[in-house]
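One structure is given here, and the rest of the page talks about it.
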Amino acid sequence: MVLCCGRRAAVHGAGVKVGRTARFFNPSMWPADLARRFGAWHRHGDRVCLRVMIQTQFLTGQFLMAMPGIGDPRFDHAVIAMCAHDADGAIGIGIGAVVEGLSFHDLLDQFEIPRGTAPNAPVHAGGPVSTRRGFVIHSRDWAGQDTTDVAGRWALSGTLDVLRAIADGRGPGQWVVALGYAGWSAGQLEQELAGPGWLNVTGTTDMLFATEAPRRWSAGLASAGVDPRLLVADTGTA
């Protein structure tokens with residue numbers, strides 16, 4: 001299903017424009033790049049799910065923190081929940097900035113899903129790729145058509161059934177909704193990690209579910225023992 005709306009909204013704190021049009025896909029409609037990097041499809045009863053390929057040398061289930069020297073304004077103070085990372089590339093969902101003028105209730109209204117008992121919540125700017133594509137990061141107490149377990153730490157869903165379940169009061173106990181994602185081709189993230197632009201931290205799920213977006217960057221750095229006040233953008237030259 002495709003939500004159509006001509007208005008646009010700004011990403012708070014990042015100066016990026018994203019469309020208000022959001023898409024939550026049926027499993028068969030997931031793009032090949034997402035399906036390949038998340039793993040192979042498998043069937044569990046009447047549900048079609050993805051089997052995640054987890055390798056300990058990769059960053060699935062961790063958080064990427066953008067450093068001041070990243071040099072890309074799209075990722076200024078970015079916090080990215082890494083949902084897949086393997087030899088073929090990486091995919092993460094941004095949780096450090098929200099989309100101004102768009103709320104969870106707005107999404108429900110535009111998909112003609114009754115709000116039910118769902119609390120209103122911000123919609124996060126998930127990344128610069130496919131900014132009309134919707135994702136929900138959530139606790140592992142619920143699973144739907146396409147739900148992916150992310151390293152045993154949280155789950156990721158991208159179909160309308162998760163929105164309906166949340167609105168009906170039968171969905172996951174904790175959740176974060178986002179539009180768009182950040183993606184890296186094979187070896188690209190590893191190259192970027194060798195530079196000054198990113199810091200990966202393990203953090204806790206409180207980063208997702210108990211911390212507001214504007215505080216996640218400093219909270220993530222603090223979890224790694226880094227004082228953000230001591231960070232400078234210019235790394236200098238030898």
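The values are calculated or read from the model by the stated rules, or taken from the named source; none is laboratory data. Given the structure is predicted, the values throughout are model-derived calculations rather than measurements. So basically every Cβ, Gly included, is an ideal-geometry build from the backbone, and we count neighbours across all protein chains shown. Quick note on the areas: whole protein, heavy atoms, side chains included, nothing else; ligands and nucleic acids left out. Shrake-Rupley method; radii C 1.70, N 1.55, O 1.52, S 1.80 Å.
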Exercise. Within region 181-203, restricting attention to residues that are among the hydroxyl-bearing types (Ser, Thr, Tyr) and either in contact with a helix residue (DSSP H, G or I) (Cβ under 7 Å, 6 or more places away or on another chain) or open to solvent by less than 70 Å² (accessible area, probe 1.4 Å) (or both), which residue is farthest from Gly92 (Cα to Cα)?
Worked result: Ser185
For this session: Could you please tell me which pairs satisfy a Cβ distance under 7 Å, a separation of 6+ or placement on different chains, a first residue in region 70-84 that is touching a residue at least 24 places away in the same chain (Cβ under 8 Å) and over 19 Å from Val98 (Cβ atoms), and a second residue that is in a helix (DSSP H, G or I) and open to solvent by less than 40 Å² (accessible area, probe 1.4 Å)?
Result: Ala84/Arg37; Ala84/Phe38
Exercise. Does region 99-117 contain any residue that is closer than 22 Å to Thr204 by Cβ, touching a strand residue (DSSP E or B) at 6+ places or on another chain (Cβ under 8 Å) and open to solvent by 30 Å² or more (accessible area, probe 1.4 Å)?
Worked result: no
Exercise. Pro122 is checked against (1) at pLDDT 95 or above; (2) open to solvent by less than 40 Å² (accessible area, probe 1.4 Å); (3) in contact with a strand residue (DSSP E or B) (Cβ under 8 Å, 6 or more places away or on another chain) and fails just one. What number does that condition carry?
Worked result: (2)
Problem set entry | Looking only at region 38-81, and only at residues there that are within 15 Å of Trp184 (Cβ to Cβ) and aliphatic (A, V, I, L, M), the one that is modelled with the lowest pLDDT | Ile70
Exercise. When you look at Gly101, is it part of a strand (DSSP E or B), under 27 Å from Gly197 (Cα atoms) and touching a Lys or Arg at 6+ places or on another chain (Cβ under 8 Å), yes or no?
Worked result: no
Problem set entry | Output for region 130-140, where each listed residue is at pLDDT 95 or above and open to solvent by 50 Å² or more (accessible area, probe 1.4 Å) | Arg140
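Results for (1) farther than 20 Å from Asp206 by Cα; (2) in contact with a strand residue (DSSP E or B) (Cβ under 7 Å, 6 or more places away or on another chain); (3) modelled with pLDDT under 95; (4) among the polar types (S, T, N, Q), shown as yes or no for each residue.
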site: Asp149; (1), (2), (3), (4): no, yes, no, no
site: Trp154; (1), (2), (3), (4): no, yes, no, no
site: Asp161; (1), (2), (3), (4): yes, no, no, no
site: Ile166; (1), (2), (3), (4): no, yes, no, no
site: Arg170; (1), (2), (3), (4): yes, no, no, no
site: Gly183; (1), (2), (3), (4): yes, yes, no, no
Exercise. Does Leu156 meet the test of being under 23 Å from Arg215 (Cβ atoms) and touching a helix residue (DSSP H, G or I) at 6+ places or on another chain (Cβ under 9 Å)?
Worked result: yes
